[in-house]
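Taking it in order: structure first as structure tokens, then the write-up.
The values are calculated or read from the model by the stated rules, or taken from the named source; none is laboratory data. Keep in mind the model is a prediction, meaning the values are calculated, not measured. Cβ placement follows ideal geometry from the backbone for every residue including glycine, while neighbour counts extend to all protein chains displayed. Side chains are part of the model used for accessible areas, which takes the heavy atoms of the whole protein and leaves out ligands, DNA and RNA. Shrake-Rupley method; radii C 1.70, N 1.55, O 1.52, S 1.80 Å.
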Amino acid sequence: LSSVGGTVTVTGVSAGTATIYYAVTNAYNCTTQVPVDVTVNALPTISVAPSATAICTGGSVTLTASGASTYSWSPATGLSSVTGSVVSATLTNTTTYTVTGTDINGCVNTGTVTVTVNALPSVNVSANTTAICIGGIASLTASGADTYSWSPSTGLSATTGATVQASPLTTTAYTVTGTISATGCVNTATLTLTVNPLPTISGVTGTLTICSGLTTTLTASSGATSPTYKWYTAASGGTLLYTGAAYTTAALTTTTSFYVDVTSDAGCVSASRTQVTVTVNPTPTISGVSGTLTICSGLTTTLTASSSASSPTYQWYTAASGGTLLYTGAAYTTDALTTTTDFYVDVTSDAGCVSVSRTAVTVTVNPLPTISGVTGTLTICSGLTTTLTASSGATSPTYKWYTAASGGSLLYTGAAYTTAALTNTTNFYVEVTSGAGCVAASRTEVTVTVNPLPTISGVTGTLTICSGLTTTLTASSGATSPTYKWYTA
């Protein structure tokens, strides 16, 4: 006890009831003691549940105080309230809280609780690539924690583990949740895997039907951005023929398929190659030309071409290349020819293919023979015959003698014709045929002049005389410049 004047302070008294005495002494030194009962209330026992806890950085924990009627908390850091039996603590650092509890008697006591804050793991995610093509695979790797889970599961080879394979069909943001096993603290990291579409060939233009021996240019197109094209000999594998949109083939002799794929600027290649078939139609040929190929000068001939091509069209020219187009059709009738002449024919199939070269056809033109002359007696006396002999420069000539310049009767075949006995001047006509069968353009006219026989118009003189005498006999005739001969018998 300690007292000052009329006030006394009692300390160190256990809970319960205690009696104390105070004495009063008056001026006469007389003392009186008076008993006083003092009630001592026990201090409240303050407890906090949970008594100790651990959270992760940024996590929360609910603290519940008991043992008193009212409570106050300190420090205020991270607390949802500094009063009340229940508070929530959200912390980034380990903190010890003191709660002061006051009971209904006004007695006060304190309790403490330490909230341990464990650090979050530093979770990272990496990938061998952040952009793939549809159907491609990316390897995703997480680090910074002990165990991992992945979401969403779309396209993933697994949803747990440090490394997973991702093959989504569309661009996907993957979140990996990493946990530290000892503390249970969790953190996340996100990686977006871009999925680029596969480009497609929207079309191929160019001449897809050609004639054998020609080339064609095939041009591919695509809706892809900045596409790259490659041309191959096969649907898969095969030989790379060309890189570029427009591919010019080599000269083709058979129907051939080509294959093109496209690569986008993102490096994605079309799922399959586009097939382009170039149909190669055969080049037609002239299988033969019929007709009379040897003729006589001044005649025409009909040349008829044939081909195994389907529905062929023929054209006749004056030269092996270029030249004048003479006629379109299989059968060409020439003009009258006077010299040996070459003609050229090509054939076009119903597919529009033209023979590689023109077929040459030579028409040999043999000259018409002529009579170079006729020998023989061309003036005779009436009643005589004469032999007329024709000659010609032709090879192996054959001669025919006629009664008229055209038509008429055939008198004789041969070079030397002996006439019948003639009584009148007569014209004969001879023609010649060469060894090539060519007949002279016209018959040669030969005139045999037939002179009449003279007659004695009379004899004058003494027709009766005496033996040993002479007489003169004088003959006369109507003939021109007659000559007389006298005979004895």
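Out of region 325-343, which residues are open to solvent by 40 Å² or more (accessible area, probe 1.4 Å) and either closer than 23 Å to Asn281 by Cα or of a type in the set (D, E, K, R) (or both)? Even if it seems obvious, please write down each step before you answer.
Going through region 325-343, the residues open to solvent by 40 Å² or more (accessible area, probe 1.4 Å) turn out to be 325-328, 331, 333, 335-336, 338-340, 342.
Correct list: Thr328, Asp335, Asp342.
Yes/no per residue for (1) under 14 Å from Gly206 (Cα atoms); (2) of a type outside the set (S, T, N, Q):
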| residue | (1), (2) |
| --- | --- |
| Thr225 | no, no |
| Tyr232 | no, yes |
| Ala235 | no, yes |
| Leu240 | no, yes |
| Tyr247 | yes, yes |
| Val262 | no, yes |
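Remark: Val82 falls outside the filter, which requires a residue to be modelled with pLDDT under 85 and surrounded by 12 or more Cβ atoms within 10 Å (Cβ to Cβ).
Of a type in the set (Gly, Ala, Ser), outside any strand (DSSP E or B) and either out of contact with any helix residue (DSSP H, G or I) (no Cβ under 7 Å at 6 or more places or on another chain) or surrounded by 13 or more Cβ atoms within 10 Å (Cβ to Cβ) (or both): does that describe Ser406? So Ser406 fits the description; yes.
Looking at region 210-218, can you tell me whether even one residue there is open to solvent by less than 40 Å² (accessible area, probe 1.4 Å) and free of Cβ contacts under 8 Å to residues at least 60 places away in the same chain? No: zero hits. For region 370-393, a tally of residues being farther than 15 Å from Glu445 by Cα and either modelled with pLDDT of 95 or more or of a type in the set (Phe, Trp, Tyr) (or both) returns 7.
Taking the criterion of being in a strand (DSSP E or B), farther than 29 Å from Thr263 by Cα and open to solvent by 50 Å² or more (accessible area, probe 1.4 Å), the residues of region 114-142 that qualify are Thr114, Thr116, Asn124.
Hey, could you check region 253-289 for residues that are of a type in the set (A, V, I, L, M) and part of a strand (DSSP E or B) and say which is nearest to Ser310 (Cα to Cα)? Quick ask: steps written out before the conclusion?
Initial filter on region 253-289 (of a type in the set (A, V, I, L, M)): 260, 262, 266, 269, 271, 276, 278, 280, 286, 289.
Subset that is part of a strand (DSSP E or B): 260, 262, 269, 276, 278, 280, 286, 289.
Numbers: Val260: 33, Val262: 39, Val269: 43, Val276: 26, Val278: 20, Val280: 15, Ile286: 12, Val289: 17 Å.
Taking the candidates together, the pick is Ile286.
Restricting the search to strands (runs of 3 or more DSSP E) fully inside region 26-69 and requiring at least 2 residues that are touching a residue at least 40 places away in the same chain (Cβ under 8 Å), on the phi > 0 side of the Ramachandran plot and open to solvent by less than 80 Å² (accessible area, probe 1.4 Å) gives an empty result.
A count restricted to region 228-249 and to residues that are under 16 Å from Ser270 (Cβ atoms), open to solvent by less than 50 Å² (accessible area, probe 1.4 Å), in contact (Cβ under 8 Å) with a residue 24 or more places away in the chain and of a type in the set (Gly, Ala, Ser) stands at 2. Scanning region 344-384 for residues that are surrounded by 18 or more Cβ atoms within 10 Å (Cβ to Cβ) and free of Cβ contacts under 8 Å to residues at least 60 places away in the same chain gives Tyr344, Val345, Arg358. Scan region 167-187 and give yes if some residue there is touching a residue at least 60 places away in the same chain (Cβ under 8 Å), open to solvent by less than 50 Å² (accessible area, probe 1.4 Å) and among the hydrophobic types (A, V, I, L, M, F, W, C), otherwise no. Among the residues of region 167-187, at least one is touching a residue at least 60 places away in the same chain (Cβ under 8 Å), open to solvent by less than 50 Å² (accessible area, probe 1.4 Å) and among the hydrophobic types (A, V, I, L, M, F, W, C), which makes the answer yes. Annotation: of all residues in region 188-206 being part of a loop (DSSP other than H, G, I, E, B) and open to solvent by 60 Å² or more (accessible area, probe 1.4 Å), the one that is nearest to Trp231 (Cα to Cα) is Thr200.
When you look at Gly435, is it surrounded by fewer than 14 Cβ atoms within 10 Å (Cβ to Cβ) and closer than 30 Å to Thr338 by Cα, yes or no? Yes; evaluated as a whole, the condition is true for this residue.
The single condition among (1) within 28 Å of Ala351 (Cα to Cα); (2) of a type in the set (Ser, Thr, Tyr); (3) surrounded by fewer than 19 Cβ atoms within 10 Å (Cβ to Cβ) that Ser307 does not meet is (3). No other residue among Ser139, Ser122 is at pLDDT 95 or above and over 21 Å from Leu198 (Cβ atoms) apart from Ser122. With respect to (1) under 30 Å from Pro367 (Cβ atoms); (2) assigned to a loop (DSSP other than H, G, I, E, B), the lone exception for Asn427 is condition (2).
Going by what's in this entry, would Ala250 be described as touching a Lys or Arg at 6+ places or on another chain (Cβ under 6 Å), at pLDDT 95 or above and in a loop (DSSP other than H, G, I, E, B)? Before the answer, list the steps.
On the way: touching a Lys or Arg at 6+ places or on another chain (Cβ under 6 Å): no; at pLDDT 95 or above: yes; in a loop (DSSP other than H, G, I, E, B): yes.
The answer is no for Ala250.
Within region 439-474, how many residues turn out to be in contact with a Leu (Cβ under 9 Å, 6 or more places away or on another chain), part of a loop (DSSP other than H, G, I, E, B) and touching a residue at least 12 places away in the same chain (Cβ under 8 Å)? Before the answer, list the steps.
Initial filter on region 439-474 (in contact with a Leu (Cβ under 9 Å, 6 or more places away or on another chain)): 439-441, 446-450, 459-463, 471, 473.
Narrowing the set further to residues that are part of a loop (DSSP other than H, G, I, E, B) leaves 440-441, 461-463, 471, 473.
Checking which are touching a residue at least 12 places away in the same chain (Cβ under 8 Å) leaves us with 440-441, 461, 473.
Looking only at that region, the number is 4.
With respect to (1) open to solvent by 40 Å² or more (accessible area, probe 1.4 Å); (2) farther than 30 Å from Thr255 by Cα; (3) modelled with pLDDT of 95 or more; (4) not aromatic (Phe, Trp, Tyr), the lone exception for Thr225 is condition (3). Pairs are defined by a Cβ separation below 9 Å, a sequence spacing of at least 6 or placement on different chains, a first member in region 308-324 that is in a strand (DSSP E or B), and a second member that is of a type in the set (Asp, Glu) and open to solvent by 40 Å² or more (accessible area, probe 1.4 Å); the pairs so defined are Thr313/Asp350.
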